[in-house]
1. Between the stretch 91-123 and the stretch 217-251, how far is it from one alpha carbon centroid to the other, in angstrom?
2. Spin-label point model (7 Å from Cα, Cβ direction): what's the residue 235 to residue 214 distance in nm?
3. Using Cα springs under 10 Å in a Gaussian network model of the chain, which residue among 242, 83, 193 shows the largest mean-square fluctuation?
4. Using a Gaussian network model of the chain whose springs link C-alpha atoms within less than 10 Å, name the residue from 276, 175, 100 with the highest mean-square fluctuation.
5. Between the alpha-carbon centers of the stretch 136-181 and the stretch 1-66, tell me the distance in whole angstrom.
6. Using 7 Å Cα-to-Cβ label points, what is the residue 153/residue 271 separation (nm, one decimal)?
7. Considering only DSSP beta bridges whose two residues both sit in the chain, what percent are antiparallel, to the nearest 5?
8. Run the numbers on the stretch 167-311 and let me know its relative contact order in percent, using alpha-carbon pairs under 8 Å that are six or more apart.
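FYI, it's all coordinate maths here, none of it is from the lab. Everything numeric here is computed off the predicted structure, so don't read it as measured data. For neighbour counting, all protein chains shown are included, and Cβ atoms are generated from backbone atoms with ideal geometry for every residue, glycine included.
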Ligand code: PMP
């Protein structure tokens with residue numbers, strides 16, 4: 001993983017080794033931060049562009065609103081800061097991690113006090129396939145996690161809030177330790193929600209289902225995929241489903257900025273799909289995967305004319 005040598009911190013681009021934070025940072029102790037995961041891609045016409053940058057920065061603002069924090073930079077300022085950071089690091093294609101958090105805090109109690117200092121940083125690094133090269137090509141192997149998504153009044157699912165990711169870290173590490181690529185989390189009632197860092201789709205008899213918004217992060221890739229699939233004439237339902245319904249799907253895939261479109265080969269030691277096709281990515285998933293790769297590179301202009309921000 002090659003990291004950018006420059007970081008944007010509170011309005012200035014500084015050498016990465018100078019971007020240091022205090023041990024009195026409130027977010028380090030209590031998880032009071034919010035972040036985004038964004039990707040920039042080399043474009044077919046040359047140069048690089050950031051995919052759905054405005055929507056990511058709007059979600060960052062919403063995460064901070066959920067935390068009841070005042071954001072010191074507007075969406076427009078953060079958009080400009082992102083492209084400038086990519087430029088400063090010489091990256092046409094990279095992963096981008098904006099993070100905003102309660103910084104050095106005088107009391108360091110759970111109560112950060114009125115108007116605590118919110119620091120904002122933007123980091124870049126080069127990141128390949130999130131669920132591995134095998135995962136993205138042949139399909140990932142998943143396990144239903146023993147950890148569940150917290151109740152909607154415990155974790156704020158519409159916020160990408162740092163402290164809440166302990167739940168994802170536990171699920172992910174459990175899945176890896178058991179020899180799988182990723183864990184899928186159920187909700188408290190036993191229905192599927194999402195992966196530790198991806199949304200979930202299943203296809204059965206031509207109907208596409210994805211878990212409803214109430215218990216999951218409103219993924220920007222999920223929104224892109226729903227728009228794409230509807231445009232392709234597929235019916236897409238936001239519907240609850242159980243693990244046994246999932247095992248019997250014809251096709252399953254995960255979506256996320258990091259994971260992009262990752263086909264699912266197997267869940268709980270059951271190959272997905274039937275007969276000779278079992279365990280192989282299905283036709284809808286394969287077309288979506290290659291069209292998504294084209295959309296993000298500006299090579300399928302009928303989709304999302306406003307989804308790419310040039311670096
Ligand atoms: N769910 C969770 C829990 C995530 O962390 C992510 C990654 N941000 C997603 C879904 C996918 O969201 P997006 O498509 O916006 O990256």
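1. Here the two parts' Cα centres lie 33 Å apart.
2. Between residue 235 and residue 214, the label points sit 2.2 nm apart.
3. Greatest mean-square fluctuation among the candidates belongs to 242.
4. Judging by the Gaussian network model, the answer is 276.
5. Measuring centre to centre over Cα atoms gives 22 Å.
6. Rounded to a tenth, the inter-label distance reads 4.7 nm.
7. 80 percent
8. 17 percent
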